[in-house]
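The values are calculated or read from the model by the stated rules, or taken from the named source; none is laboratory data. Nothing here was measured: the structure is a model prediction, and the numbers come from that model. Neighbour counts run over all protein chains shown; Cβ positions are idealised from the backbone, glycine included. Note: accessible area is taken over every heavy atom of the protein model, side chains too, but ligands, DNA and RNA are not part of it. Shrake-Rupley method; radii C 1.70, N 1.55, O 1.52, S 1.80 Å.
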Amino acid sequence: MQEGCDPIARMALQLSRLPGIGQKSAQRLAYHIAAMPQEQVKELAAALWQGRKALRFCALCGNYTQEEYCPICADEKRHTGQICVVRDARDVAAMERMRDFKGLYHVLGGTLSPMDHVGPEDIRIKELLTRLSTETVNEIILATNPDIEGEATAAYLARLIKPMGVKVTRIAHGVPVGSDLEYADEVTLAKAMEGRREL
């Protein structure tokens, strides 16, 4: 897809930079935007620009916020002794949808990935260790994804945190509710066995 002077091609090029949007989807969206009333397109563009401009990182956990502290960190009813460590702000939103977790979060802003040249200094590990040395924390819950990078990050953090005398737990991974065992891969089944609990 060439940028050139074609407005639809230019829109499609920008849209294709979004995750999960391939060239065909980007082109379809560009044509959809081209057919929208100009006022709606203006509102869409303004919402994107103003929204991005208004967002910053929470000074404590690294989540997105408009203020110095995100609403979760600012909530005095949250349990400060429990910190759930996640990869990014999307994971905070996913955990909050459960409505069960009442602790705080720490957003790493990525996971360790030597292949992509992402080391411990490239994500918010130092900030987490600072929190542990200045706050009273009883438990760290490692909730990174169950992929190679997420597992490596969780193992690395556990090695750093355990000597500090803080309980370190890992969320269980396994067979999703409603699925069949025959379709689960070996890693998923192994994680399900590891995460089993007494009834």
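Just need the relative contact order of the range 137-199 here, percent rounded to a whole number, with Cα pairs under 8 Å and 6+ apart.
Normalised by residue count, the contact order of the range 137-199 is 31 percent.
Length gain on complete extension for the stretch residue 136 to residue 162, per 0.36 nm per residue less the alpha carbon to alpha carbon distance?
7.9 nm
In a Gaussian network model over the chain where Cα atoms closer than 10 Å are linked, find which of 164, 98, 36 has the largest mean-square fluctuation.
Highest fluctuation among the options: 36.
Skip the ligands, DNA and RNA, and give the accessible area per residue of the range 115-163 with a 1.4 Å probe, whole Å².
I get 58 Å² per residue for this part.
Would you please name the GluC sites (Glu not before Pro) within the range 70-144 that are DSSP coil residues with at most 16 other C-beta atoms within 10 Å of their C-beta?
When the GluC sites (Glu not before Pro) of the range 70-144 are filtered for loop state and at most 16 Cβ neighbours within 10 Å, 76, 135 remain.
Would you pull out the residues with amide H under 5 Å of residue 118's amide H, same chain only if 5 or more places away, H placed 1.01 Å from N?
Under 5 Å from the amide H of residue 118: 113.
Express the relative contact order of the range 46-185 as a whole percentage, based on alpha carbon pairs under 8 Å and six or more residues apart in sequence.
19 percent
Counting only DSSP beta bridges with both residues in the range 68-199, tell me the antiparallel percent, nearest 5.
Percentage antiparallel, nearest 5: 10.
What nm value, rounded to one decimal, do you get for the distance between residue 41 and residue 79 when each label is placed 7 Å out toward the C-beta?
Going by the 7 Å Cα→Cβ label model, 5.2 nm.
Can you tell which of 99, 124, 17 shows the greatest fluctuation in a Gaussian network model of the chain with Cα springs below 10 Å?
Sorting by GNM fluctuation, first place goes to 17.
Using the beta-carbon distance between residue 59 and residue 121 and R0 = 22 Å, what value does 1/(1 + (r/R0)^6) give for FRET efficiency, to the nearest 0.05?
0.65
Taking the Cα centre of the chain as the origin and placing charges on Cβ (Lys, Arg +1; Asp, Glu -1), which of 69, 85, 157 is farthest toward the positive end of the dipole?
Farthest towards the positive pole: 69.
Treating only the Cβ atoms of Lys and Arg (+1) and Asp and Glu (-1) as charged, compute the dipole magnitude of the chain about its Cα centre; round to the nearest 20 debye.
The calculation lands at about 360 debye.
Between 140, 21, 171, where does the largest GNM mean-square fluctuation fall for the chain, given springs only between Cα atoms within less than 10 Å?
21
Counting pairs on different chains as well as pairs 8 or more places apart, how many Lys pairs in the chain have Cα atoms under 21 Å apart?
Step by step, the pairs that qualify in the chain add up to 6.
On the protein heavy atoms, probe 1.4 angstrom, tell me the percent of accessible surface of the chain carried by carbon and sulfur.
55 percent
Within 10 Å of each candidate Cβ there may be at most 15 other Cβ atoms; applying that plus a DSSP loop requirement, which chymotrypsin sites (Phe, Trp or Tyr not before Pro) in the range 54-84 survive?
69
Answer with a single label: of (1) 12.0; (2) 16.2; (3) 11.1, which was calculated as mean projected area of the Cα convex hull in nm² from the structure in view?
(2)
Could you report the accessible area of residue 144 in Å², rounded to 10, computed with a 1.4 Å probe on the protein chains as they sit in the structure?
Result for residue 144: roughly 0 Å² accessible.
In whole Å, what is the distance between the alpha-carbon centres of the range 131-175 and the range 56-82?
Result: 19 Å between the Cα centres.
Amide H to amide H, which residues 5 or more places from residue 168 or on other chains are under 5 Å from it, using H placed in the peptide plane?
Result for residue 168 returns 140.
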